[in-house]
Structures are given as structure tokens and as C-alpha cells.
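Since the structure comes first, as C-alpha cells, the remarks are kept for the end.
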Amino acid sequence: MKRLHTYLITSFLGPFVLTFFIVIFLLLMQFLWKYIDDLAGKGLSIGVLSELMFYVSASLVPMALPLAILLASLMTMGNLGEHNELTAMKASGISLQRIISPLILFSLLLACSAFFFSNYIVPITNLKMTSLIYDISNQRPELQIKEGIFYNGIEGYSIRVGKKDFKTSLLHQIRIYDHTHNNGNSKVTVADSGYMKITSDKKYLIVTLFKGYNYTDEMDNDRRQRSSAKTHPFRRDKFEKEEIHIELLGFGLNRSDENLFRQQSKMLSISQLDSITDSLKIELDRRASMLYKSLSTSQIMRFKPSSFRAKPKIDSTKKDKIKTRKFEAIFDSMVISDKINITNQALTSTRDLKTYLSSAAAFTENYEYRIRKFEIEWWRKFTLSIACFIFFFIGAPLGAIIRKGGLGMPVVISVVFFVIYYIISLMGEKFAREGMINPSLGMWISAIVLLPTGIFLIRKATTDSAILNIDTYVNFVKKFFYKSQFTSLQK
């Protein structure tokens, strides 16, 4: 049995390593396609790109590992079934559960490793990846300027571009507001077109402008503050071509402080998520207590039962009627001016209370949303390990049933199951984030749906069911057409 177990593990390791790196490569290509605009044309060194790819690859492991286990287990058992090795093992009196027992232990080891990797390694790689992407995206400011939107990423300047020609890099309808002297819009440059490029040392942005004007307010800031005149003298200079050199401070690839992103949910371990979640819940309870005290002391919510208390016991509807009648009697006895004052005061108090409640509701909703995000990330650490285990119990019996190895049918089936799992996971996470369902249910719903599928496949594989064997349906179709042709020939 030791040789058999060793053979099964070695047969599983090859497809597992191969499919794992293939999936990582495909997901990495998807990442590059998504962030190609932020990476292209930045003049990044090979070292920076290699570092970024390493962090991205490590962050993609939680998504690639379940798919690799599913595909490898399906290919391994499919190869054994296709070469009749599985049939020979069963003929020797070895049950399917005993055959795959070493693979079960190995998948359990992978699931535990996935948990520790997700809890200790992934938060670090996510933090470094996010920080590096942020630094790269801010390295070339001219690429961040979008059409029709003011760009304020360069300190002391506000730049607007009406249209960009991506083929020739020509910019149209350029406006540059110089705020370096803190005098407001006292110096404005308007040009019909122009180019922007960064010097080789990445210290200056050179703006070449064509056919434009320079508008300069000649009154300094102190005189402008003392003057009450509505108009000020200004100077307008026309130019056919002009170059502006803007100093770039901090636009090289300077590494940001990682503490700026450390409080995000994906950058935290389980213990850190617990600590922050508890702090948020305590703060939410404190704000709720403050809200209750504030409402209890509010003028419009103030209520003294003794002034409306009657000696005989009466039901609540009659109490409300008595209160209403007393208020109407007091209100009717007042003069018109007092009625107006009381009405205005009541409206003002009501508006203030409505504003206060709206602000409190927004604050509570924001805190509850943050708590749900941290709880979702907390449960994600466990669902990854469970997904690895469930996918093995889907792939192994499925491969024993279909008895097809290689990268053909197993890839198709694995992708179908993974897409189903991924869609259910996304839906559950979205519902949990929006507060429609509990975060624990939202993160476990994919496992709850796929677990019965794994149990069903194990039972069918144990009994050598042909329900998912493609050859069974192919032979049935052949027999059906053969009988139809034979019947037609007899007639």
C-alpha cells in the first residue's frame, strides 16, 4: 500500500504544480490587462516590475489554489480510470475511499497551509502590492490628466485638458492655473494645443503650448484684500509657442508609507480584524448611547407622564385622545402671535431633529458597513481552506466517474465548477456587504451549495455509477441510431 500511496501522490503532484502555475499565469495576465494603463509608459525598471509581479502572484494564490486542486484531482483520477488502473485497484479489493486516502490527507495539508498563507502572508503581499501600485500610478502625472476634468495632482497647479489625442500625444484646449503664490486664480494660461513630457531625471514637467494667452492679475494679495474694488488691473500676453517648466516634487517612484493602507480589511490578519471589529462595535454602541441621551433631553422628544397621568386605568388609545384634547384646548386658548411662535419653534425643532437623526443614521450605516467588511474578510480566511477541501471531493470522484485524463474534458469541467463557485461567492459577498444577509452566511453559501455536490459524486463514484460517464451516453446514442436504421431496413 505504501507504494500505491506514493504513486498516487506523485501522480497528483505533477498536475497540481502544472495547473497551479498555469492558473497563476492566467490570473496575472488578467491583472496586467486591468492595470495596463497605469503601468504603460512609466519607464519602470525590471526590478520594480518583478517586485510587483511577485506581490501580485502571491495575492492571487487564494483564488488559484482551489482551482488547481480541483483540476489536479480530476486529472489524476481521470488518468487512473482511463488507463484501467483504477479498475485494477478495485478488482484487488481496494475501495475508492482507501485509494484516495493519501490524497485526502495531502489535500487536508494543502487546506491548512492555505489558511496560514491567507492569514499571515496574503495581508502582507496585499499591503505591499497596493502601496506599490499607488506609487506607480502617481509617477507620471501627465498620464493621469483626463479629458474635461481638472487635475490637481501637481502641487500649486490646476490643469485642465479638453481633449487628448492618444496617437500623437497632442493635447487640446489646455488651461493651467498657477496657484504657487497662493493668490487664487491670479495667473492663468490658456492655449489651443500643446504637449507634456517629463525630463529624464523626472524632476520637471515640460509643457509646450501653442497659440494661447497668459492672463496675469497685477495686484498682489495684500492689496487685493484691502481693496474693495470689484475689478483689478491685469495683463494679457499673446504667444504662438511657449514652454512652461513645472517642478515635480515627489513624482519619482518614491515609496509611500505603508501605514496609509494598513487599516484596510485585506491587509489584516484574523487577530487584527478581531481587534478592529471590536473597537468599531464599541464605538457604535457609544454613539448609540449618546444618541439616546440626546433624544431624551431634546425639547421635541421631552415627555412628562405625570402631567398626563389619570387616576383611573384606561387603555392607550384613550390616553392618546386625552393628550390630544388637552393640547388642542391649550393651543386654542392662545393668542395668534403665540400660536405662530409655538408653531415656528416646533417646525424648527423638528427640522433640527430630522437633520440630527439623518446624520446619526448615516454615521451608523457607515460603521455597520465597515464592520461587515471586516467580518467578511475574517470569514474569508476560513472559506479558502474549506473550498480547497470541497473541490478535492468534487474533482476526485468526478475523475473516477468520467475516466478522462489530460487537459481536455477535465479543464472544461473544472472551469464550469469554478465559475459556479465564483459566481455564488461574489453574490454571497455582495449580499453580506450590503447587509441583506449575515456576513458568515454570505461567505459560506458557496461551500453550502457545493458540499452536497461533493457528497453526491462520492456516492456515485463508490458504486461505480455511470451517470456522468460520457461513454455511456455515446453508446446509448449509437445504439438508438443503430436500432432506427435496422428498423427502417426491415420495413
Please list the non-local residues whose amide H lies under 5 Å from the amide H of Glu155, H modeled 1.01 Å from N, same-chain partners needing a gap of 5 or more. Leu249
Work out how much length Met29 to Gln263 would gain on full extension: take 0.36 nm times their residue separation and subtract the Cα-Cα distance, in nm to one decimal. 81.4 nm
With a 10 Å radius around each residue's Cβ, average the other Cβ atoms per peptide and rank 159-170, 374-385, highest first. 374-385, 159-170
From the backbone phi of the stretch 416-427, what are the Karplus-calculated ³J(HN,Hα) couplings (6.51 cos²θ - 1.76 cosθ + 1.60, θ = phi - 60°) in whole Hz, Gly and Pro given as x? 4, 5, 5, 5, 4, 4, 5, 5, 5, 5, 5, 5
Working out 0.36 nm times the residue gap between Ser333 and Ser275, then minus their Cα-Cα distance, what length gain in nm do you get to one decimal? 14.9 nm
What are the ³J(HN,Hα) couplings of the stretch 373-383, residue after residue, when phi is run through the Karplus curve with 6.51, -1.76, 1.60 and θ = phi - 60°? Round to Hz, x for glycine and proline. 4, 5, 5, 4, 5, 5, 6, 4, 4, 8, 5
Segment Val416-Tyr369, length gained on full extension (0.36 nm per residue, minus Cα span): 13.7 nm
Starting from the Cα of Thr168, step 7 Å along the direction of its Cβ; do the same at Ile104; then give the gap between the two resulting points in nm. 7.1
Expected-Rg normalisation [2.2 N^0.38 Å, Cα atoms] applied to the stretch 372-418: 1.52
Checking the stretch 90-189 for GluC sites (Glu not before Pro) in a loop per DSSP with at most 16 other beta-carbon atoms within 10 Å yields Glu155
Could you tell me the calculated FRET efficiency between Val17 and Phe456, based on Cβ-Cβ distance and R0 = 35 angstrom, to the nearest 0.05? 0.75
Distance check, please: which entries in Lys430/Lys460; Lys404/Lys460; Lys354/Lys430; Lys128/Lys164; Lys90/Lys460; Lys381/Lys430 exceed 23 angstrom between their Cα atoms? Lys430/Lys460; Lys354/Lys430; Lys128/Lys164
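All of the numbers you see were taken from the coordinates with simple rules; none came from a lab. Computed from a predicted structure; not experimentally measured. Every residue, glycine among them, receives a Cβ derived from its backbone with ideal geometry; neighbour counts consider all protein chains shown.
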